[in-house]
Amino acid sequence: MTIRDRRLHAFRPDLADARLEGEVEAERFVSGRPARISAPLADVLTAPRADAGVNTQFLYGDDVLVYDAADGWAWVQAERDGYVGYVREAELGARGTQPTHLVSVPRTFLYPGPDLRFPRAGALSLGSAVTVVGAAETRGTPYALLADGKAVIARHLVPVEERAPDYVAVAETLIGTPYLWGGASGFGIDCSGLVQLAMRMAGRDVLRDSDMQAAGLGEPLDPGADYAGLKRGDLVFWKGHVAIMTDRDGMIHANGHTMTVAREGLREAIDRIGYLYGTPTGFRRP
């Protein structure tokens, strides 16, 4: 049998994705049922219990395949990046119409109607996908009206086909966002989540974890003497960590040192990180 990464392939001893039949061992194989994340943010856990570890998060509007549901938990796989894990069944809904827009700011509020003076009805992260069905304006502020009856500031959305020209600039909008292990949103994010979310807004879907990114995102890069060959957008990898170069000397990363998304000089980071985790393990140009 081929060795498969359980983060990216849905298989357990009792159940597996039908597409893996003949490649993995399981008691039975099923096709995934289409669903969509209907909560503003869904933690993706390693096991169907509240105290399990968090591997990643799915955003509002993310499409998933559901392989199993029991006791309030669903075992799912994201269609966008292939990540597998458990979410609360209540965080799933039907797919319905295709999303028309993405949230393009780090965070935005949902309102029960087109008026910012209404009590907020929720909040969405950068990258969340929504379906706009109408428009309204109140006291000069344009609102997008959503399929679920809520409203959001229209300037906080872009059409799903629109691409940010510079993924690094997207990452820079998240400076100050709290570091969160497994975080993948504007409410809290980790190092590889920052890379993935910023690139998503630039129209590029990439794998979730730093080891996956280090193994296959873009092309390997020789940074040259004193790292002089690096430029904006290049990625620097340590064991279990990734940072984005903002220029040949500086970088941005979600990190446990400041517990935020922060800027840091490359050489300062190499010196600081080195005594615990060693020197960089690789460099890649997306």
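The values are calculated or read from the model by the stated rules, or taken from the named source; none is laboratory data. On a predicted model such as this, the values are computed, not experimentally measured, just so you know. All Cβ positions, even for glycine, are placed from backbone atoms using ideal geometry, and neighbour counts span all protein chains on display. For accessibility, only protein heavy atoms count, side chains too; no ligands or nucleic acids. Shrake-Rupley method; radii C 1.70, N 1.55, O 1.52, S 1.80 Å.
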How high is the relative contact order of region 1-133, given as a whole-number percent (alpha carbon pairs under 8 Å, six or more residues apart)? 21 percent
Given H placed on each backbone N at 1.01 Å, which residues far from GLY183 in sequence or on other chains put an amide H within less than 5 Å of it? ASP190
So which chymotrypsin sites (Phe, Trp or Tyr not before Pro) in region 28-106 pass both tests, a DSSP loop state and at most 10 other Cβ atoms within 10 Å of the Cβ? none
Put +1 on the Cβ of each Lys and Arg and -1 on the Cβ of each Asp and Glu in the chain; which of ALA78, GLY93, ALA164 then has its Cα farthest toward the positive end of the dipole? ALA164
For every other residue with a beta carbon closer than 14 angstrom to the beta carbon of GLY176, add +1 if it is Lys or Arg and -1 if Asp or Glu, then tell me the sum. 0
Given Cβ point charges of +1 (Lys, Arg) and -1 (Asp, Glu) and nothing else, what value in debye, to the nearest 20, does the dipole of the chain about its Cα centre take? 640 debye
Most mobile of ASP222, ASP68, ASP51 in a GNM of the chain (Cα contacts under 10 Å): ASP51
Counting helices only, and only those DSSP H runs with n ≥ 4, report the 222 nm mean residue ellipticity of the chain as the sum of -39,500 (n - 2.57) divided by its residues, in deg cm²/dmol to the nearest 500. -3500 deg cm²/dmol
Sequence-distant or interchain residues sharing an amide H contact under 5 Å with GLY282, placed H: which? PHE237
P(r) histogram, all alpha-carbon pairs of region 103-167 included - 10 Å bins from 0, percent: 23, 57, 18, 3
Pull out a ≥ b ≥ c, the square roots of the eigenvalues of the alpha-carbon gyration tensor of the chain, then state rounded if a/c is under 1.5, prolate if not and a/b is larger than b/c, and oblate in the remaining case. oblate
Three-way shape label, region 29-145, alpha-carbon gyration tensor, a/c 1.5: prolate
Pick out which of ASP271, ASP209, ASP226 has the largest mean-square fluctuation in a Gaussian network model of the chain, springs linking Cα atoms closer than 10 Å. ASP226
Considering only PRO220, PRO13, PRO112, give the residue with the highest GNM mean-square fluctuation for the chain, with springs between Cα atoms whenever their separation is below 10 Å. PRO13
At q = 0.12, 0.17, 0.19, 0.22 Å⁻¹, the log10 of I(q)/I(0) for region 147-286 from a Debye sum over equal Cα scatterers comes to -0.46, -0.89, -1.10, -1.48
Top positive-direction residue, dipole computed over the chain with Cβ charges, set ILE175, GLY278, GLY229: ILE175
If I compute solvent accessible area with a 1.4 Å probe over the protein chains, what percent of it on the chain is carbon and sulfur? 53 percent
So for region 41-195, taking the charge dipole from beta-carbon charges (+1 Lys/Arg, -1 Asp/Glu), which of GLY193, LEU145, SER125 sits furthest toward the positive end? LEU145
To the nearest 20 debye, what is the magnitude of the charge dipole of region 173-244 about its Cα centre, counting +1 on the Cβ of each Lys and Arg and -1 on the Cβ of each Asp and Glu? 220 debye
Residue-normalised accessible area of region 87-218, expressed per residue, 1.4 Å probe, Å²: 44 Å²
Based on the Cα coordinates of region 223-280, what is the per residue volume of their convex hull in Å³? 71 Å³
How many angstrom lie between the C-alpha centres of region 209-286 and region 169-183? 15 Å
Determine the principal axes of the Cα atoms in region 1-82, then give the extent along each, sorted from largest to smallest and rounded to whole angstroms. 38, 25, 22
For ASP249 and ASP148 in the same chain, what is the full-extension length gain: residue separation times 0.36 nm, less their Cα-Cα distance, in nm? 31.8 nm
Relative contact order [Cα under 8 Å, 6+ residues apart], the chain, whole percent: 12 percent
So the label point goes 7 Å from the Cα of ALA169 along Cα→C-beta, right? Which residues of region 230-257 then have their backbone N under 14 Å from it? 233
